[in-house]
Amino acid sequence: MSIEFSRVLDQIPPSGIRKFFDLVIGSKDIISLGVGEPDFVTPWGIREEAIATLEQGATSYTANAGLLECREEIVRYLKERFNLSYNAKTETMLTVGVSEGVDITMRALLNPGDEVIIPEPGYVCYHPLVTLAGGVPITLDTSANHFIPDPKELEKIITPRTKALVLCSPNNPTGVVIPKETLEAIAALSKKYKFWVITDEIYAELNYEGYTSYASLPDVKDRTVLLSGFSKAFAMTGWRLGYICGPEALVSRTLKIHQYSALCAPIIAQYAAIEALKHNLKAVEEMRKSYLLRRNFFVKKLNEAGLPTPMPSGAFYTFSSIKHTGLSSEEFALNLLKKERVAVVPGNAFGVCAEGYIRCCYATDMDQLKEAVLRIKRFIKGLK
Amino acid sequence: MTKHEQEVLSLLKNNARISVEDIADSIGVTTATAKKLVKKLENDHTIIRYTTVINEDKMNAECGKVKALIEVRVRPEKSRGFTGIAKRIARHPNVIDHYLISGQYDFLLIVEGKNLEEISRFVSEKLASIENVQSTATHFIMKTYKEKSVLIDADDELERLAIQP
C-alpha cells in the first residue's frame with residue numbers, strides 16, 4: 001500500500017527553527033534569547049475580565065467574524081492610534097492569531113502561479129503559506145539596504161503575475177521599521193502595477209522612534225490587507241487572537257474560509273480583547289518603555305561584545321552580523337548553545353538572505369541579558 | 001521632569017542597586033551624564049533614599065516585630081490646621097508612614113513595634129494623649145500579600161518555550 005501525502009506540502013522544507021528547537025529543549029540551565037514573545041504575562045485586568053466572563057458562562061461560539069463589540073473596539077482603536085478607517089461590520093474580522101490571517105488572506109487572493117513578493121529576512125510563515133495556497137513566493141533581499149525593502153529593487157522583480165507584496169513593520173526578525181517615504185514609494189508601485197499589499201503590523205505598538213501604518217496612507221485602502229492582533233502589544237500570545245481589516249470584497253472572502261476552517265476565534269479571547277482595548281493601553285505603554293530601556297542596553301553590550309548590531313527601531317529583537325566569525329549562523333548558534341548555554345535563533349531560519357546573522361530577543365530580564373552578553377563575549381574570544 | 005529623568009527613576013525604582021554604567025547604557029547617554037542625572041534627582045530630593053523591599057512576614061517572625069495601621073481623628077488647630085499635629089506625630093520613631101486622608105478619619109499611620117504591647121503603649125501614651133487627637137482605631141497587620149508593588153510569595157511563573165519563531 002502506498003500512502004501519499006500532499007505533494008505541495010512535502011515540497012516545503014522542514015522549519016529550520018524546529019530543528020534547533022529540539023536541541024534546545026534537551027539542554028539544561030540555558031539563557032534563552034530565542035523567544036518571540038513578551039516576558040510579561042497578560043495584564044491582570046484582562047485576565048480577570050476573562051475569568052469573570054467565563055464564570056458568566058461565555059463558552060459558546062460567536063459570529064464567524066467575531067463579536068461585533070470586539071470588532072467595534074478594534075476599529076475605534078485603529079482610528080485613534082493609527083488613523084485608520086474601517087467598517088466594523090463589513091471590513092473587519094477576527095482570526096486565530098495573525099498566522100491564520102496570513103493563511104486565509106493568501107487563500108482568498110491567490111490563483112495557481114500567482115506571485116507574492118516577500119522581503120527577506122522575514123517571518124517564517126509567509127513562504128510556506130503562499131506555497132500552500134498555490135502561489136509562488138518571490139524573495140526580495142533587503143540585506144543590502146539595512147533590511148528595508150528598496151522600492152527600486154522591488155520594481156525590478158514585479159511581473160504581470162505579481163499578486164501581492166508582504167510587509168512586516170516593525171519587522172521580525174530585524175526590528176526594522178519601514179520609513180514613511182519608503183511606504184509611499186511602495187504604495188505608488190502598488191497602484192501602478194496593481195498588486196495587493198499585505199501589511200503585517202503585529203508589532204506596531206512596539207516602536208521606539210515613531211511609526212506610520214502602511215494602511216494609513218492615502219488611496220491604498222482598496223488594495224491593502226491589514227493584519228494585526230493582540231499577542232505582542234498586550235502580551236497575549238497564548239490567547240490566539242488577531243484580526244484582518246481590508247476592503248469588503250476581501251474580508252467577505254477570508255471570512256468564507258474562516259467559517260469552514262476555524263468557525264470563530266475563541267470567545268474568551270474576544271472578551272479579553274475588548275477589555276484590553278478599553279482599559280489597558282496604559283499597560284501597553286509601560287511595557288513598551290520597558291523594552292526600550294532594555295533595547296538600548298542590550299544593543300550597546302552586543303556591539304561591545306564584538307557582534308555588530310544596528311539599533312532596531314521596533315519589536316523586541318536584535319539582528320546581529322556574525323559574518324566575521326567565519327561560522328554559518330547555524331554553526332554559531334549551535335556552538336554558542338553547547339559551549340555557553342545561550343540560545344539564539346540562527347538567521348537562516350528567516351530566509352537565505354538572513355544567513356550570517358543571529359536573532360536575539362531582549363524581552364528578558366536585565367540580569368539575564370547581562371549574563372548572556374558576557375557569555376557571548378567569551379564565546380567570540382574563544383573563536384579567535 | 002525630562003524623559004531621561006523619568007527613565008532613570010523607573011530603573012532605580014525597579015532596582016536601587018543598578019550601576020550608573022547600566023543606567024547610562026539603558027537610556028542611551030554617557031556614564032558622566034547618567035551620574036549627573038542621578039545626582040540631580042538626589043539633590044532636589046526626588047530620590048529621597050535607596051531602600052529594599054523586604055518580605056516583612058519572614059523578617060518579623062525572626063526579629064519579633066509587629067506592624068499596625070492606625071486611623072486617627074484630629075481636631076485641626078486654628079492657625080496651622082493639621083500640620084502642627086502631624087509633625088508631632090510623624091517624629092515618633094514607631095511611625096513608619098503618615099498620611100492625611102479623606103473620609104471619617106484624618107490621619108492614617110503605619111506603625112511598627114517590638115510587640116503588641118509596645119504599639120498599644122504608643123497609642124495610649126503618645127498618640128491618644130495629644131490634646132487634639134479625638135479618637136483612634138488600631139488595626140494590627142496579620143499578613144502581607146503585596147509590598148511596594150511586589151507580590152509576596154508569588155507563584156512561580158510558567159516557563160516560556162526557549163525557541164520560537
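Things worth noting here:
- Qualifying residue in segment B:89-96 (condition: of a type in the set (Val, Ile, Thr), outside any helix (DSSP H, G or I), modelled with pLDDT under 95 and under 18 Å from the mean Cα position of the chain (by Cα)): no
- Taken over segment A:76-102, residues that are small (Gly, Ala, Ser), on the phi > 0 side of the Ramachandran plot and over 19 Å from the mean Cα position of the chain (by Cα) amount to 0.
- Every pair of residues 6+ apart whose Cβ atoms lie under 7 Å, when the first sits in segment A:6-31 and is more than 10 Å from chain B (Cβ to nearest Cβ) and over 16 Å from residue A:125 (Cα atoms) while the second is open to solvent by 40 Å² or more (accessible area, probe 1.4 Å) and modelled with pLDDT of 75 or more: A:29/A:341
- Sole exception among (1) within 13 Å of chain B (Cβ to nearest Cβ); (2) touching a helix residue (DSSP H, G or I) at 6+ places or on another chain (Cβ under 7 Å); (3) crowded, with 16+ Cβ neighbours inside 10 Å; (4) of a type outside the set (S, T, N, Q) for residue A:295, by number: (2)
- Test: residue A:304 is over 21 Å from the mean Cα position of the chain (by Cα), at pLDDT 95 or above and within 14 Å of another protein chain (Cβ to nearest Cβ): yes
- The single condition among (1) open to solvent by 40 Å² or more (accessible area, probe 1.4 Å); (2) outside any helix (DSSP H, G or I); (3) in contact with a helix residue (DSSP H, G or I) (Cβ under 7 Å, 6 or more places away or on another chain) that residue B:47 does not meet is (1).
- Hits in segment A:85-133 (condition: of a type outside the set (A, V, I, L, M, F, W, C), within 14 Å of chain B (Cβ to nearest Cβ) and closer than 22 Å to residue A:234 by Cβ): A:97, A:99, A:123
- Residues of segment B:5-48 satisfying the condition of being farther than 16 Å from residue A:294 by Cα, free of Cβ contacts under 8 Å to residues at least 12 places away in the same chain and either among the small types (Gly, Ala, Ser) or touching a strand residue (DSSP E or B) at 6+ places or on another chain (Cβ under 6 Å) (or both): B:32
- Cβ-Cβ distances below 9 Å connect the following pairs, each with a first residue in segment B:49-69 that is within 23 Å of residue B:138 (Cβ to Cβ), a second residue that is of a type in the set (Lys, Arg) and loosely packed, with under 14 Cβ neighbours inside 10 Å, and a separation of six or more residues or different chains: B:57/B:143; B:63/B:114; B:64/B:114; B:65/B:114; B:66/B:114.
The values are calculated or read from the model by the stated rules, or taken from the named source; none is laboratory data. Because the structure is predicted, anything quoted here is derived from the model rather than measured. Virtual Cβ from ideal backbone geometry, glycine too; neighbours counted across all protein chains shown. These area figures cover heavy atoms from the full protein model, side chains too; ligands, DNA and RNA do not enter into them. Shrake-Rupley method; radii C 1.70, N 1.55, O 1.52, S 1.80 Å.
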